[in-house]
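Peer 1: I'd like to ask some things about the structure below.
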Number of protein chains: 2
Amino acid sequence: MSFTIKQAVSPTATGYEILDLYIEGEEIQAIAPELPPRGTVIDGSRHLLLPGFVNAHTHSPEVWQRGAIAPYPLELWLTELYAIASLTPDHIYLSAIATAVETLLSGGTTVVDHLILLPGQELETIAAAVRGYQAVGIRAFIGPLIYDQHPDAGIPKGDTDWQPGEGDLNTGQILEILETAVQRFHRPEAGISIMVAPTGMQLCSDPLFRGCVDLSDRHNLCRHTHLLETKAQQQLAQEKYGCSAVAHLEKLGFLSPRTSLAHCVWLDDADIEILAATGSTVVHNPLSNLRLGSGIAPVLKYAAAGVNVSFGCDGSASNDGQDLLEAIKIGMMLHNITDADYRHWLTPRMAVEMAALGGARGLNLGDKYAIADRLGTLHIGQQADLVLYDLQTLSLLPKTDPLGLLVMGRPTNAVAHSWVRGEQIMAGGKPTRLELAQLCADLDRHSLGAIQRPSPDLMAVEAHYRQVMGLPI
Amino acid sequence: MSFTIKQAVSPTATGYEILDLYIEGEEIQAIAPELPPRGTVIDGSRHLLLPGFVNAHTHSPEVWQRGAIAPYPLELWLTELYAIASLTPDHIYLSAIATAVETLLSGGTTVVDHLILLPGQELETIAAAVRGYQAVGIRAFIGPLIYDQHPDAGIPKGDTDWQPGEGDLNTGQILEILETAVQRFHRPEAGISIMVAPTGMQLCSDPLFRGCVDLSDRHNLCRHTHLLETKAQQQLAQEKYGCSAVAHLEKLGFLSPRTSLAHCVWLDDADIEILAATGSTVVHNPLSNLRLGSGIAPVLKYAAAGVNVSFGCDGSASNDGQDLLEAIKIGMMLHNITDADYRHWLTPRMAVEMAALGGARGLNLGDKYAIADRLGTLHIGQQADLVLYDLQTLSLLPKTDPLGLLVMGRPTNAVAHSWVRGEQIMAGGKPTRLELAQLCADLDRHSLGAIQRPSPDLMAVEAHYRQVMGLPI
């Protein structure tokens, strides 16, 4: 298929220009003030043309519990998250679709799914998510969420002399599943990539991290993990390693230009230097960090230190939506209250670059570290992952600064058309490969039903959590 | 007109019930598990029924600059806001409509417009806004934004020995305009109320505040003002009064159960006690406070002290949308990072109550202080200002906790039907009294066009601002 987008509004360094863009196969093949119409012609006038954004951290199965968990800090919220009736691969398939569609509807063309695995059905879970993303046509990076220590180990003990209990699967079993997943599902050229994605230092052993590094090196896989989301984790790292979690991950060789790190709320200046030196990417999830009371990631410091930053929605049970524009808006603005000097604040243009190019770099697909294909900017020869926003929709009117309004406003029904790998997967504000009404009916029918809240698990964990975090009992 | 809403999902103290509700004239006349269908029958099944929310602080004319002003702190942002070509009453009419429609689309049924007045056309401005709100049918409180000191006076001087310069109109002229506005436009029984709304202590003399108190007493008007939005204003109050702005406003008699105070970011514990003792309402505008880097209002402290709190979007140039659900979401979550003890955090149910009943109380229309009609809860005899949310829309699926998902999710196209004063002003997701497409075309046609940024005014003010705020020059 080929497309000619006519007369779209496209940002320059400081203003806007009107241009035509020609897509053939998977690539942008021409950009010029005026091109001859070839293939399907798309009227881009009064539309803003941007590279697609990356939803750089989410957990698709959480869709089934969105809205359901009360405001708790991460460590207690997790006990609620896991206290549910089992999901099935059908659920996984549908929640991947829902995650993909909401990401698309808010300007995303790539999703990074740190995929919670169904116990005993690990490969089936991955297969179902892959099918879901293929059903929508979005570009997906799937990082099966793995850990080899008992979930209890994620809360500090208030003691450095303890051993984490074992998880259900041992390190070798987990790495074997991952190796199989890579063989079966890792098809970057077809838009589906597998990542190594240990959940985080709070539940993973050193051998698991090392095994992931090895797999990543052998198969050229991106690396992804949670990092220092909460103060409790900062405390836990000191108990576990006697040093910061960042220094420990560096020692294990996990940090690299193809490593993206979700949250990074509780890092100090020395940690930030390590991220910069290793070329690691921070995935900022501002809404989840507020919802769980985790804190404000020092994003202005990351920007000043030259650390690459991208945006994520995080899973739908800690946000509780997958609207990337909302994450970008809050991720741009939240930091204004952390620095009185407005000259350091992020701008809408910077935020858009972080969401697109920052996201691509975090997946080793941006210009700087590109190995395979290229994403994140509009240039000839790049992969055609791009989005046209309708500037005549109510939420993007009146005519002022399109990027300012897209980022700082509250866009609704703003995406008109999207392409991923040259295929038009949104047209006229709707996904092209599926019916929204059918998706809604399927989500409705598969809803989990009543869940006991708070769960007995939460009540069991709460007293210990309050004690170790210094909260009144 | 009368309506019977059948089988809607309605929150109880801790869960939900299914009920029928009968509206006749302007009032809710019956609520029961099952009512005979009378008048127009509305299928409320799979819809969440809530009292309408109050958008408790905005400035409708800012619609014309939304997205256009770069991230600056309030004092510099204001110089950009005023550095524009003049608006006309036609603009005021359209931006009131746009503000009303976006408020309606996000669950609001009442808007508080702290209305920026066109110089020399003050009464025409108010008339245009009144026409705008009547064109939509929303309940409106219009507080003409007045001040009698020169705008330069709004930035601290770094000196307590100075006199603010005069504004364009003197105190007497302003109060006269206001008195005329009350006579011409104050029709609370028809859904349009005038408020006394001096912009804030930063630009208003004591005689102006006293004149407003007098007008408010004589005509039974609500009082509204900005209060301690920025650190600069806290500093300015010390220069101007030698005490906190709150203590000074109390001395002037401005604080009362019919007073609502926008922002309240920089209050200390003694100030909070004064708000509680006077029955004043805080209007929390979390998005604007982030966008302008003003800080985090101590809302958990307000809640603990028993101060009534409601939510506002603030003007569209400091947010830059009028989505009330977005303000409620961030206003609920933002405070989690200010208090490590999650037992103090707001819940979705609390946030919904603040947005509805809190908003009504701030306008002297809630149960506690009710003088005239009643709003903010669903009870027999109350004004029928209510909203049905479609629980089968993508953003409110799957079926989990409807209030949790409405507040913590990212609702899109969620409002199906709304009533104000018993009239259905939203039906099937659309305003009933006007065409959205026509509004979009009108906004498009009236756009202001290119504006020089940064403005010469900003550059003139910036050096002084940086010096007095202790920022490097």
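Peer 1: If we sort A:294-301, A:132-139 on the protection proxy, mean other Cβ atoms within 10 Å, highest first, what's the order? Can you show the working numbers first?
Peer 2: Working: A:294-301: 21.0, A:132-139: 23.6.
Packing order, densest peptide first, comes out as A:132-139, A:294-301.
Peer 1: Taking the Cα centre of segment B:52-367 as the origin and placing charges on Cβ (Lys, Arg +1; Asp, Glu -1), which of B:ILE272, B:PRO198, B:ALA303 is farthest toward the positive end of the dipole?
Peer 2: B:ALA303
Peer 1: Within the protein assembly as shown, what percent of beta bridges assigned by DSSP are antiparallel, to the nearest 5?
Peer 2: 45 percent
Peer 1: Just add up the charged neighbours of B:GLY321: K/R +1, D/E -1, any other residue whose Cβ is under 15 Å from the Cβ of B:GLY321.
Peer 2: Net of charged neighbours comes to -3.
Peer 1: A further question follows. Can you classify segment A:52-367 as rounded, prolate or oblate using the Cα gyration tensor, where a ≥ b ≥ c are the square roots of its eigenvalues, rounded means a/c under 1.5, and otherwise it's prolate if a/b beats b/c and oblate if not?
Peer 2: It comes out rounded by the Cα gyration axes.
Peer 1: Quick check on my link table: of B:LYS157/B:LYS240; B:LYS301/B:LYS329; A:LYS157/A:LYS240; A:LYS329/A:LYS430; A:LYS329/B:LYS329; A:LYS231/A:LYS301, which ones sit more than 20 Å apart, alpha carbon to alpha carbon? Let's see the in-between values first.
Peer 2: Details: B:LYS157/B:LYS240 10 Å; B:LYS301/B:LYS329 18 Å; A:LYS157/A:LYS240 10 Å; A:LYS329/A:LYS430 23 Å; A:LYS329/B:LYS329 13 Å; A:LYS231/A:LYS301 18 Å.
Pairs exceeding the cut-off: A:LYS329/A:LYS430.
Peer 1: Quick one: which of B:398-404, B:176-182, A:55-61 comes out on top by average Cβ neighbours within 10 Å, and what's the full order, highest first?
Peer 2: Result, highest mean Cβ count within 10 Å first: A:55-61, B:398-404, B:176-182.
Peer 1: Something else about it: Kindly state, to the nearest 0.05, the FRET efficiency for B:THR40 paired with A:ALA441, given R0 = 25 Å and r defined as their beta-carbon distance.
Peer 2: 0.35
Peer 1: Other chains near B:66-79: what is the mean number of their Cβ atoms within 10 Å of each residue's Cβ?
Peer 2: Taking the mean over all residues of the peptide, I get 5.
Peer 1: Quantify how strongly other chains surround peptide A:318-330 by giving the mean number of their Cβ atoms within 10 Å of each of its Cβ atoms. Each step should come with its number before you reach the end.
Peer 2: Details: counts 1, 5, 12, 10, 3, 6, 1, 1, 6, 1, 0, 8, 8.
Per-residue shielding by partner chains comes out at 5.
Peer 1: Kindly work out what percent of the DSSP beta bridges joining two residues of segment A:52-367 are antiparallel, to the nearest 5.
Peer 2: So the antiparallel bridges in segment A:52-367 amount to around 5 percent.
Peer 1: Still on this structure: Based on the alpha-carbon gyration tensor of the protein assembly as shown, what equivalent-ellipsoid semi-axes (square roots of 5 times the eigenvalues) come out, in whole Å, largest first?
Peer 2: 44, 30, 30
Peer 1: Here's another thing I want to ask about it. For a protection proxy built on the mean count of beta-carbon atoms within 10 angstrom, sort A:153-164, B:115-126 highest first, please.
Peer 2: In descending order of packing, they fall as B:115-126, A:153-164.
Peer 1: What total accessible surface area, summed over both chains, is buried at the interface between chains B and A, computed with a 1.4 Å probe and given in Å² to the nearest 100?
Peer 2: Counting both chains, the buried surface is close to 5600 Å².
Peer 1: Helix A:324-333 versus the longest principal axis of chain A: what angle, 0 to 90°, nearest 10, using Cα atoms?
Peer 2: 80 degrees
Peer 1: In debye, nearest 20, what is the charge dipole magnitude of chain A about its Cα centre with +1 on Lys and Arg Cβ and -1 on Asp and Glu Cβ, if you could check?
Peer 2: 880 debye
Peer 1: Next question. Heavy atoms of the protein only, probe of 1.4 Å, neighbouring chains included. What is the accessible area of B:SER86 in Å², nearest 10?
Peer 2: 100 Å²
Peer 1: To continue, here is another question. Give me the distance in nm between label points sitting 7 Å out from Cα along the Cα-to-Cβ direction at A:TYR82 and A:THR432, one decimal.
Peer 2: It works out to 4.3 nm between the two label points.
Peer 1: Looking at A:ILE5, A:GLY172, A:TRP64, which one has the Cα that reaches farthest to the positive end of the dipole of chain A (charges on Cβ: Lys, Arg +1; Asp, Glu -1)?
Peer 2: The one lying farthest along the dipole's positive direction is A:ILE5.
Peer 1: To the nearest 10 degrees, how steep is helix A:122-136 against the longest Cα principal axis of chain A, on a 0 to 90 scale?
Peer 2: Between helix and principal axis, roughly 20 degrees.
Peer 1: Would you tell me the mean number of C-beta atoms belonging to other protein chains that fall within 10 Å of each C-beta in B:339-349, as a whole number? Spell out each step's value before the answer.
Peer 2: Numbers: counts 1, 7, 7, 13, 5, 0, 6, 1, 2, 4, 1.
Averaged over the peptide's residues, the number is 4.
Peer 1: Something else: Considering the dipole of segment B:52-367 built from charges on the beta carbon (Lys and Arg +1, Asp and Glu -1) around the Cα centre, which of B:GLN149, B:TRP77, B:GLY108 is farthest to its positive end?
Peer 2: The Cα lying farthest towards the positive end belongs to B:GLY108.
Peer 1: Another question about this same structure. Assign unit charges at the C-beta atoms only (+1 for Lys and Arg, -1 for Asp and Glu), then state the dipole size of segment B:160-297 relative to its Cα centre in Debye, rounded to the nearest 20.
Peer 2: Dipole magnitude for segment B:160-297 comes out near 400 debye.
Peer 1: Can you give me the distance in nm between label points at A:THR377 and A:ALA276, each placed 7 Å from the Cα along the Cα-to-Cβ direction?
Peer 2: The answer from the label model is 2.2 nm.
Peer 1: Hey, another quick one. Roughly how many debye, to the nearest 20, is the charge dipole of the protein assembly as shown about its Cα centre, given +1 on each Lys and Arg Cβ, -1 on each Asp and Glu Cβ, and no other charges?
Peer 2: 820 debye
Peer 1: Quick one: helix B:206-219 against the long Cα principal axis of chain B, what's the angle to the nearest 10°, folded into 0 to 90?
Peer 2: 30 degrees
Peer 1: Give the relative contact order (percent, whole number) for segment A:52-367; include only Cα pairs under 8 Å separated by 6+ residues. The partial results should precede the final answer.
Peer 2: On the way: 659 pairs, mean separation 65.4, N = 316.
Result for segment A:52-367 is 21 percent.
The values are calculated or read from the model by the stated rules, or taken from the named source; none is laboratory data. Remember, it's a predicted structure, so these values are computed and weren't measured experimentally. Every residue, glycine as well, gets a Cβ built from its backbone with ideal geometry; the counts of neighbours run over all protein chains shown. These area figures cover heavy atoms from the full protein model, side chains too; ligands, DNA and RNA do not enter into them. Shrake-Rupley method; radii C 1.70, N 1.55, O 1.52, S 1.80 Å.
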